[in-house]
Number of protein chains: 2
Amino acid sequence: MNEAVVTILQGNGIQPSAQRVAVGEYVLRTEDHPSADQVWAAVRERFPMISRATVYNTLNLFVEKKLLRELILAEGRIVFDPNLGPHHHFIDEESGAILDVPWDAVSVDRVETLPGMDVREYQVVMRGRRRAH
Amino acid sequence: MNEAVVTILQGNGIQPSAQRVAVGEYVLRTEDHPSADQVWAAVRERFPMISRATVYNTLNLFVEKKLLRELILAEGRIVFDPNLGPHHHFIDEESGAILDVPWDAVSVDRVETLPGMDVREYQVVMRGRRRAH
DNA sequence: ATACAGTGTTAGACGTAGTCTAAAGCCATG
DNA sequence: CATGGCTTTAGACTACGTCTAACACTGTAT
C-alpha cells in the first residue's frame, strides 16, 4: 500500500481499505480528467477483482470529502479533477482532451455585480484546437 | 402549422414535416434550457403519437443546422439553448435552473493569448444562488 | 477462541438517456 | 397509380450510473 495515499485518506476521515487506496493511487495523481469508467478500467489493471460499484462509491466518497472535484463539461459525461485549486478549462475539440488553464492566465471582471445572482464560483470554459507553441 | 416556424425551417434547408414543426414550435421559442426528454414530454402534449427517436433526430438536425446550440453544463445532461448569440450561463444550485447572462455583463481578458491553444469560443460558467434584486 | 457489530465490498438488477435498425408511411413526380 | 426518396415509428440496444441484498472483513467484548 502506498503510504502517502493512506495518509491522505486518513487525514480526511476515510478508512484506507485496499480498494480505496488503489483508486486513490490512480485518481489522486493523474493529470487527466478521467470519467468514472476510465478510473475503473485503470484500477482493474492492478486490482482485477474490484467491482464497479466500489469504484463509483469511492469516487463519490472522495468528492464528498473534497479530495476530488466533479466536472460536467465533457461530452455528456462527468469527469473527475484532482486539481482542487481554482482554474479554468480548455477542451480540445479534436481529441476531447480537457486541459487545466491557470487561474491567472485569463482575467474575468464584474462577476460579483450581476443583478439577482450570488455567484459562489465560476470558471471560463474554452473550446478550440491545441497548437504547437 | 405555425407559419413562422415553417419559414425558419425552410430557410435552413429543413423539410417542414408536421413533427418537426411541432418540435420547433416548442424548442425554438422557449426561454428554458430543456433536455431532449423534456422536449419530448412537452411536444407530446399536443402531438401525442410522436416517437422518442423523432424528437431526438429533430433536435440533432436543428443543432446541425444551427437553429439550436447544445450545452453540456447541467447535471450530466445535454440541454438545448435556442439563444444563439454569445452569452454566459449561471446555474442556480438550488433549483438546477440555467439562466442566460448577457455577454457584456462580465468581461474576460487575455483568452486570445494562451500559449498552445487556439480558442475558438468560450463562456463563463457561474454557479450560485438566485436572490431578490 | 467466539460472537457480534459495524463497515466495506460484491455481483447483478435496475433506471435513464441516447442511438440504431428495420419496417412502414407519406408524398411528389412521371 | 407506381416509383423512389425522405420521414417516422417501435422497439432493441448500449452506456453510464445507482441501488440492493448478501457476503467478507476487522476489531472489541466476552
What Kirkwood hydrodynamic radius, in Å, does chain A give when the mean of 1/r is taken over all pairs of distinct Cα atoms and then inverted? 16.5 Å
From the label point of B:S51, set 7 Å from Cα along Cα→Cβ, how far away are the matching label points in the other copies, in nm, ordered shortest to longest? 3.8
Please name whichever of A:V111, A:P82, A:I14 sits farthest to the positive end of the charge dipole of chain A, dipole taken about the Cα centre and charges placed at Cβ: Lys and Arg +1, Asp and Glu -1. A:I14
The answer for GluC sites (Glu not before Pro) in segment A:1-106 that fall in a DSSP coil and have at most 11 neighbouring Cβ atoms within 10 Å is A:E31, A:E75, A:E94
Any idea which of B:V39, B:V27, A:V101 is furthest toward the positive side of the dipole for the protein assembly as shown, if Lys and Arg beta-carbons carry +1 and Asp and Glu beta-carbons -1? B:V39
What do you get for trypsin sites (Lys or Arg not before Pro) in segment B:29-63 restricted to DSSP loop and a cutoff of at most 15 other Cβ within 10 Å of the site's Cβ? B:R29
Everything considered on the Cα gyration tensor (a ≥ b ≥ c; rounded for a/c under 1.5, else prolate if a/b is larger than b/c, else oblate), the protein assembly as shown must be described as prolate
About its Cα centre, how strong a charge dipole does chain A have in debye, to the nearest 20, once Lys and Arg get +1 and Asp and Glu get -1 at the Cβ? 300 debye
Report P(r) for segment B:3-79: all Cα-Cα distances, bin width 5 Å, range 0 to the bin holding the largest distance, values in whole percent. 3, 16, 30, 25, 18, 5, 2, 0
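Which net charge results when you count Lys and Arg as +1 and Asp and Glu as -1 among the other residues whose beta-carbon is under 13 Å from that of A:L68?
+1
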What does the copy distance list look like for B:D100, label position 7 Å along Cα→Cβ, in nm and ordered from shortest? 3.5
Shielding score for B:106-115, defined as the mean number of other chain Cβ atoms within 10 Å: 6
Simple Cβ-charge dipole of the protein assembly as shown, Lys/Arg +1 and Asp/Glu -1, about Cα centre, in debye nearest 20: 560 debye
If the label for B:N83 sits 7 angstrom from Cα along the Cα-to-Cβ line, what are its distances to the same label in every other copy, in nm to one decimal, shortest first? 2.8
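Every number in this text was worked out from the coordinates using simple rules, so none of it is lab data. As the structure is a computational prediction, the values presented were derived from the model and not from experiment. Positions of Cβ are backbone-derived with ideal geometry, glycine not excepted, and every protein chain shown enters the neighbour counts.
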